[in-house]
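Colleague: Quick one: the structure is below, questions incoming.
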Amino acid sequence: SHPLLCPPGIKCGGVLSAPSGNFSSPNFPGLYPYETECTWLIVVAEGSSVLLSFSHFELEYHDTCAYDYLQVYNGAARDRGNLLGTFCGHSPPPPFSSAWHVMAVVFRSDRHVAKHGFAAAYRKDACGGQLTGLSGEITSPRYPESYPNDAECRWSIGGASGGGPLTLVFADFQMEGGQGCGFDYVALFDGPTVAAPGLGRYCGSARPPRTVSSTPHLLIVFKSDFNIGGRGFKAHFYSAGECQEVFTTVKGNFSSPQYPNFYPNNLKCQWSIQLPPGYRVKVFFLDMELEGRSSLTGGCDYDHLSAFDGGTEKGTLLGRWCGRESLAPVTSRSNRLLLVLHTDRNTAKRGFSISYVGVVPMNVSCTRTDFHIQIPVQSLAQLERSRIYLGTPSCAAQVVGRNFKIHTRFDTCGTESQRRNNTSVIVSTLYIDFSVGDQEDIHQYEVQCEPKKKEASVTLIAGPDPSRLSQAENLVDAQKWEGEAIDAREIKSQDTSDIVFISICILAGLLMVIAVVGLVLL
């Protein structure tokens with residue numbers, strides 16, 4: 001058979017800006033042409049949403065819709081973060097409601113097998129709707145102008161494939177107040193209907209708190225009475241269960257929502273790492289691809305990942321990143337670190353994968369003959385002293401006051417001499433065993449001493465999935481942790497090796513003098 005080419009002048013795609021309308025595949029209800037691509041951009045009044053439904057749908061079938069397909073976007077086309085779904089075959093897409101005033105539909109056919117195509121209708125919905133996107137924005141009618149009286153709107157969010165709990169964040173909120181919010185209000189329900197458990201009822205000018213549903217459904221009800229209005233509200237939602245997490249374990253890993261697939265748009269995700277006092281948090285960037293820098297400012301103005309010291313966004317900014325970069329590890333200055341991902345409403349990318357490890361606070365020093373290692377007990381409070389050892393389990397730590405201590409000579413505990421950068425160094429391995437049951441979890445630190453200078457250093461050699469780390473990372477700057485300071489007098493009292501060494505030198509000198517004098521007298 002001959003290919004069905006798109007006849008000249010046939011209507012295919014375009015901008016649809018009327019409050020309602022219809023559109024269909026080329027030649028509908030006849031067979032659509034081969035090798036055709038059409039994009040319809042539906043734009044209604046800002047503050048409204050688009051309701052889209054399909055009355056007929058018949059495309060070539062493929063299990064991943066790789067041949068002919070129809071795609072629906074919650075916003076501009078070709079932005080993977082806005083994609084609501086890809087469809088083919090005989091099952092029509094469900095009705096859609098956009099999460100803002102723009103929706104795009106893309107139809108594509110290949111060079112084989114034509115079907116009858118589709119017919120669709122859309123209309124503007126100024127108030128409420130069924131929202132199925134992974135993220136979106138909701139505003140009260142006419143926002144930011146005053147909302148109308150006697151209005152009632154219901155937004156039912158949910159039904160996205162693979163969607164987790166929903167998070168709702170209010171960016172602006174100003175409504176008529178009143179005792180018990182009996183006049184104008186916004187009510188939230190933990191499910192698709194008002195029969196679900198209530199999550200709060202809000203009015204006045206105080207912004208409601210961030211709300212997280214326990215199910216993949218959330219209902220938002222807005223109601224106004226016959227007088228006294230306000231600016232209304234603006235809120236955004238996202239279905240990303242892995243978007244708000246708190247980590248308290250000594251090591252872990254996490255990634256952006258849907259990684260390695262494209263992350264949703266319009267997100268604000270937070271990962272808080274909270275470790276015991278004295279620890280530092282070291283973060284390793286295993287993979288990162290976000291929207292790139294602004295061509296105007298050169299800054300990360302669009303999608304970006306930020307790290308804050310101390311666990312809140314008011315803490316010191318440790319870094320802000322975007323684009324596709326290979327990043328060096330970042331270490332906190334306290335035992336808490338917060339990572340925040342912001343994405344705007346277009347141009348999504350693959351996202352990131354991150355691993356972190358808690359840097360055990362320790363003080364390592366050395367003399368010409370000994371290692372001294374000291375770790376605050378409170379940092380490893382759950383561990384027995386036998387779980388902390390140098391070289392072999394027989395060289396376990398002792399508990400002295402509020403510290404685990406290891407004081408050992410270089411000729412014991414698996415210590416060996418090596419040459420590095422033409423310098424003679426003494427090296428051993430410190431093991432800290434966090435294993436629980438069958439779950440082996442042993443952190444290994446290389447302990448190194450340069451005896452001539454009496455300088456010690458520590459390097460993590462096994463911690464956060466070592467196969468993913470390109471090289472060992474210096475994690476502990478010896479003698480700079482902010483825990484309990486080592487008692488210098490105690491170290492001096494223990495450091496007898498230098499005194500012995502000097503004494504031997506003096507004694508040898510005296511013997512030489514006596515020998516020389518003896519020879520002269522003879």
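Yes/no per residue for (1) modelled with pLDDT under 85; (2) out of contact with any Gly (no Cβ under 8 Å at 6 or more places or on another chain):
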position	(1), (2)
100	yes, no
118	no, yes
121	no, no
127	yes, yes
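Colleague: Here's another thing I want to ask about it. Conditions: (1) in a strand (DSSP E or B); (2) open to solvent by 10 Å² or more (accessible area, probe 1.4 Å); (3) in contact (Cβ under 8 Å) with a residue 40 or more places away in the chain. Residue 46 meets all but one. Number of the miss?
Modeller: Unmet for residue 46, out of (1) in a strand (DSSP E or B); (2) open to solvent by 10 Å² or more (accessible area, probe 1.4 Å); (3) in contact (Cβ under 8 Å) with a residue 40 or more places away in the chain: (1).
Colleague: Right, here's the next one. Here's a check for you: in the stretch 369-385, which residue that is of a type outside the set (Ser, Thr, Tyr) and assigned to a helix (DSSP H, G or I) is surrounded by the most Cβ atoms within 10 Å (Cβ to Cβ)? Show your work before the answer.
Modeller: We begin by selecting, within the stretch 369-385, every residue of a type outside the set (Ser, Thr, Tyr); these are 370-378, 380-385.
Checking which are assigned to a helix (DSSP H, G or I) leaves us with 377-378, 380, 385.
Values: 377: 16, 378: 14, 380: 23, 385: 15.
Only one residue fits best here, namely 380.
Colleague: Which residue out of 347, 412, 392 is in the same structural domain as residue 252 (by the TED database) and open to solvent by 40 Å² or more (accessible area, probe 1.4 Å)?
Modeller: Details: 412 fails: in the same structural domain as residue 252 (by the TED database); 392 fails: in the same structural domain as residue 252 (by the TED database).
Of the residues listed, the single one that is in the same structural domain as residue 252 (by the TED database) and open to solvent by 40 Å² or more (accessible area, probe 1.4 Å) is 347.
Colleague: Also, quick follow-up: Taking the options 32, 67, name whichever one is modelled with pLDDT of 90 or more and open to solvent by 70 Å² or more (accessible area, probe 1.4 Å). Full working, then the answer.
Modeller: On the way: 32 fails: open to solvent by 70 Å² or more (accessible area, probe 1.4 Å).
When all the criteria are applied, what remains is 67.
Colleague: Does residue 426 fit the bill of being among the aliphatic types (A, V, I, L, M) and closer than 15 Å to residue 362 by Cβ? I'd like the intermediate steps shown before the answer.
Modeller: Working: among the aliphatic types (A, V, I, L, M): yes; closer than 15 Å to residue 362 by Cβ: no.
No.
Colleague: A follow-up question, please. Can you pull out the strands (runs of 3 or more DSSP E) entirely within the stretch 113-214 that have at least 1 residues that are under 19 Å from residue 229 (Cβ atoms) and free of Cβ contacts under 8 Å to residues at least 60 places away in the same chain?
Modeller: Values: elements: 117-125, 129-131, 135-139, 152-158, 166-174, 185-189, 198-202.
In the stretch 113-214, the matching strands (runs of 3 or more DSSP E) lie at 166-174, 185-189, 198-202.
Colleague: May I ask you to list the residues in the stretch 315-327 that are at pLDDT 90 or above and not β-branched (Val, Ile, Thr)?
Modeller: Within the stretch 315-327, 315, 317, 318, 319, 320, 321, 322, 323, 324 meet the criteria.
Colleague: Looking at (1) crowded, with 18+ Cβ neighbours inside 10 Å; (2) more than 21 Å from residue 141 (Cβ to Cβ), which one does residue 229 not meet, given that it meets all the others?
Modeller: Going through (1) crowded, with 18+ Cβ neighbours inside 10 Å; (2) more than 21 Å from residue 141 (Cβ to Cβ) one by one, residue 229 breaks only (2).
Colleague: Scanning the stretch 258-268 for residues that are surrounded by 16 or more Cβ atoms within 10 Å (Cβ to Cβ) and at pLDDT 85 or above, which turns out nearest to residue 357 (Cα to Cα)?
Modeller: The qualifying residue nearest to residue 357 (Cα to Cα) is 259.
Colleague: How many residues does the stretch 278-311 contain that are among the β-branched types (Val, Ile, Thr) and surrounded by fewer than 21 Cβ atoms within 10 Å (Cβ to Cβ)?
Modeller: Start the filter on the stretch 278-311 by keeping residues that are among the β-branched types (Val, Ile, Thr), which leaves 281, 283, 297.
Filter again for surrounded by fewer than 21 Cβ atoms within 10 Å (Cβ to Cβ), leaving 297.
Within the stretch 278-311, residues that are among the β-branched types (Val, Ile, Thr) and surrounded by fewer than 21 Cβ atoms within 10 Å (Cβ to Cβ) number 1.
Colleague: Does residue 340 satisfy the condition of being closer than 30 Å to residue 101 by Cβ and part of a strand (DSSP E or B)? It would help to see each step written out before you state the result.
Modeller: Details: closer than 30 Å to residue 101 by Cβ: yes; part of a strand (DSSP E or B): yes.
Against the criterion (closer than 30 Å to residue 101 by Cβ and part of a strand (DSSP E or B)), residue 340 qualifies.
Colleague: Looking at 96, 107, which is the one that is surrounded by 19 or more Cβ atoms within 10 Å (Cβ to Cβ), in contact (Cβ under 8 Å) with a residue 12 or more places away in the chain, closer than 21 Å to residue 48 by Cβ and not assigned by the TED database to the domain that holds residue 346?
Modeller: Working: 107 fails: closer than 21 Å to residue 48 by Cβ.
After applying the criteria, what remains is 96.
Colleague: Tally the residues that are part of a strand (DSSP E or B) and more than 16 Å from residue 117 (Cβ to Cβ), restricting the search to the stretch 53-77. Reasoning before the result, please.
Modeller: Just the residues of the stretch 53-77 that are part of a strand (DSSP E or B), to begin with: 53-58, 69-73.
Remaining after also requiring more than 16 Å from residue 117 (Cβ to Cβ): 73.
Of the residues in that region, 1 qualify.
Colleague: Still on this structure: Could you tell me which residue of the stretch 70-82 is nearest to residue 38 (Cα to Cα), considering only residues that are open to solvent by less than 20 Å² (accessible area, probe 1.4 Å) and among the hydrophobic types (A, V, I, L, M, F, W, C)?
Modeller: Here the residue is 70.
The values are calculated or read from the model by the stated rules, or taken from the named source; none is laboratory data. Model, not experiment: these values are computed from the prediction. FYI the Cβ positions are ideal-geometry reconstructions off the backbone, even for glycines, and counts take in every protein chain you see. Just so you know, the surface numbers come from the protein's heavy atoms only, side chains and all, with ligands and any DNA or RNA stripped out. Shrake-Rupley method; radii C 1.70, N 1.55, O 1.52, S 1.80 Å.
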